[in-house]
Structures are given as C-alpha cells and as structure tokens.
Amino acid sequence: MNEKKPWLIYLMVFSVTVFWGLNVVMLKVLVENLPPLTMTGFRILLAGITAFLIVVAMRQFEKMSRKAFRYTLLGALFGVTLHHVFMAYGLTMVDASTAALILALVPITTAMFGLLFLGEVMTWMRAIGFALAIIGVIFIQSSGFGGVSISFGEFIIFLAMLTQAVSFIFVKKATENVDSKHVTVVMMFAGALGLLIISFIFEPGGLGGMLDAPLWVYGVFLFSGIVSTGAGYFIFNSGIQMIGASQTVIFNNFIPFFGVVFSVILLGDSIYMLQLFGFVFIVLGVLFGTGYIERTYLRQKRKYLK
C-alpha cells in the first residue's frame, strides 16, 4: 500500500472504471460495425503500443525475471486474449447493460481467488463492503435479467468475467518484483498476438471487413484502444501492484453504473430511480471494501486511546 497518498491511487483507479463503463458501450458499437475478433486484436495491439509509449516517455525500463515473465504471459492469456475473445463474441448476443452486470461479479470472484491463492485478508468490514456493492449492482441492473434462465450469450460474458478475475491474480504475482508498467506492456503485446492469430483462423475475411465501417466508428476504435484499454490497464495494473487485487477490483462495481449512464447519454436508454439508489450502495461498498472505512475507524480509535 502506498501509505503516503492512498486517495490518489483510489482516484486513478476510479477514473479507469469511468472509461471502462464507457468502453462497454463502445465495444457494443464496435462489434456491430466491425469484425469482432479482428477488431479486438487490433484494438489491443493499439493499447499495447500506447502502454509501450508511456513507458518510453517515462524512461522506466526494467529487466523481467523468468518467473515474472511466466506470470505475465498467463495474465495475458486470461486477461487479454481469452477475456476479450469472450467479450467480443458475447456482445454480439447480449446488450451492454447485461454485460456490465455480469462483469460486476469480478470483484467478488477476484476476492475469492485472492483469499485462496494470495493469502489476502478478508475482514468483516470488507465483507460488508462486497455485500453492499453487490446489492448496488442488483439495484442498478434491476431491469437487466427477465428471469433465472441464462442465455448462451450471458454465459460467454460470464466466462469473460471469470478469465479477467483469474488474470488479476497472475498480475499480482507478476508485479511482486517487477513494475506493473512493464507487465502491462508485455501483456498487451502477447495478448494482441494471440487475438490476431485467433481472428485469422475464425475470421479469415476480417481484414477486409475492417475497412467497411463509417468514419466515426474508427474514432470510437481509437478512443477505446488508446484511452480505455491502453491507458486504463496501465493504471489499473499499477493499482493492483500498490493496493492489492481484491481492493483494486472492488472499483469494478462502478462499471455497471457508468455503463448505464453512458447508455442513456449515447444510446438513448432509460435510467431508473432504483439504479441511482444502487449507486449509493456501490459507493458505500467501495468505501468498506477498499478498507478505507476500516483504516479511518482504527485511526480514530488510536487517537481516542491516546
């Protein structure tokens, strides 16, 4: 934990969730106008170039050990290649808000993996935080599922959620002795290579299809690749390194809210009072889940005992 300015880390990670909420809407637009797998491969390649240029600009180069490299490649496999394949494919079958709901399960899943494999501590206050956040997600997506049945598209998005949660564990392991910036760059390039190979196999005409979209779609493509994915993963992986996987991914619960907000603004969807009410629960969940409330309580208690 960066004890000096933890609020700055939280603010940076929070900003990423804003752009990732927007990104769910942008991806829905992109998969409807471009070949999903080919588009995703080139979008992640653009994100990798963005992350690489940031490292070059900061002049922070570091040698990666074989152990860290292995964890990074596993993070790339699960968090980049498989996650984005499932996302691209799933979004051709479900709407953006449903995808955002399923992806909001990432914090709970990651926390469970963190407890099992990383030895992270789940205090009762943080447990309350996760519960509040999930309640908030349910309120935000109150009109999301029409019943208990799960469609094939929803199952594919669930796999996207699961692979992302797994990747955060590998990112945490990889960044124990290596700066997250380098891990992000390698993940992006390795993941993009995997995506492009898959796209050439399953979308042989994908390259030609990349040239058929309206001009504004390429603006969405550039923003998604450079800002939301390139810079976003760069910042998010830094958060995992500094404050831990379970504390960082609790912010993923903001994604459904911002996904709904941007759906209203950009796609003309409706927003409901229950969804705004759910946002309050999410804020409370983040405050408890990140340990902010717990640390504040302990500081006040120590002052009182003095």
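Are there helices (runs of 4 or more DSSP H) fully within segment 191-299 with at least 3 residues that are at pLDDT 85 or above and open to solvent by 10 Å² or more (accessible area, probe 1.4 Å)? List them. Write out each step before concluding.
Details: elements: 206-209, 215-223, 232-243, 245-249, 254-262, 273-289.
Fully inside segment 191-299 and qualifying: 206-209, 215-223.
Mind checking which pairs have a first residue in segment 29-57 that is over 11 Å from A213 (Cα atoms) and among the hydroxyl-bearing types (S, T, Y) and a second that is assigned to a loop (DSSP other than H, G, I, E, B) and open to solvent by less than 10 Å² (accessible area, probe 1.4 Å), Cβ under 6 Å, 6 or more apart or different chains?
If the second residue must be assigned to a loop (DSSP other than H, G, I, E, B) and open to solvent by less than 10 Å² (accessible area, probe 1.4 Å), no pairs are left.
Can you spot a residue in segment 145-157 that is crowded, with 20+ Cβ neighbours inside 10 Å, more than 19 Å from S238 (Cβ to Cβ) and at pLDDT 90 or above? Quick ask: steps written out before the conclusion?
Initial filter on segment 145-157 (crowded, with 20+ Cβ neighbours inside 10 Å): 156-157.
Filter once more, so that each one left must be more than 19 Å from S238 (Cβ to Cβ): 156-157.
Filter again for at pLDDT 90 or above, leaving 156.
Yes: segment 145-157 contains one or more residues that are crowded, with 20+ Cβ neighbours inside 10 Å, more than 19 Å from S238 (Cβ to Cβ) and at pLDDT 90 or above.
When you check R59 against the structure, is it modelled with pLDDT under 80, under 28 Å from E176 (Cα atoms) and more than 16 Å from the chain's Cα centre (by Cα), yes or no?
Details: modelled with pLDDT under 80: yes; under 28 Å from E176 (Cα atoms): yes; more than 16 Å from the chain's Cα centre (by Cα): yes.
When the stated conditions are applied, R59 passes them.
List the number of the failed condition for T38; all other conditions in (1) at pLDDT below 90; (2) in a helix (DSSP H, G or I); (3) touching an Asp or Glu at 6+ places or on another chain (Cβ under 9 Å) hold.
Status for T38: all satisfied but (1).
For the subset of segment 158-190 comprising residues that are outside any helix (DSSP H, G or I) and in contact with a Ser or Thr (Cβ under 8 Å, 6 or more places away or on another chain), which member is farthest from G232 (Cα to Cα)?
It comes out as N177.
Filter segment 62-78 for residues that are open to solvent by less than 60 Å² (accessible area, probe 1.4 Å) and at pLDDT 90 or above and give the result.
If the condition is that a residue be open to solvent by less than 60 Å² (accessible area, probe 1.4 Å) and at pLDDT 90 or above, then Y71, T72, G75, A76, F78 are the ones that fit.
Scan segment 280-306 and report the pairs whose first residue is of a type in the set (S, T, N, Q) and whose second residue is at pLDDT 75 or above, with Cβ atoms within less than 7 Å and a gap of 6+ or a chain change.
Between residues of segment 280-306 that are of a type in the set (S, T, N, Q) and residues that are at pLDDT 75 or above, the close pairs are T290/Y10.
Of the residues that make up segment 93-101, is at least one in a helix (DSSP H, G or I), at pLDDT below 80 and open to solvent by 20 Å² or more (accessible area, probe 1.4 Å)?
Within segment 93-101, the subset in a helix (DSSP H, G or I) is 96-101.
Pick out the ones that are also at pLDDT below 80 and you get 96-101.
Right, trim to open to solvent by 20 Å² or more (accessible area, probe 1.4 Å) and you get 97, 101.
Within segment 93-101, one or more residues are in a helix (DSSP H, G or I), at pLDDT below 80 and open to solvent by 20 Å² or more (accessible area, probe 1.4 Å).
The values are calculated or read from the model by the stated rules, or taken from the named source; none is laboratory data. Note that the structure is predicted; figures quoted are calculated from it, not measured. As a convention, Cβ positions derive from the backbone with ideal geometry for all residues, glycine included, and neighbour counts pool all protein chains shown. For the accessible areas, the whole protein counts, side chains as well, though only heavy atoms, and no ligand, DNA or RNA atoms are used. Shrake-Rupley method; radii C 1.70, N 1.55, O 1.52, S 1.80 Å.
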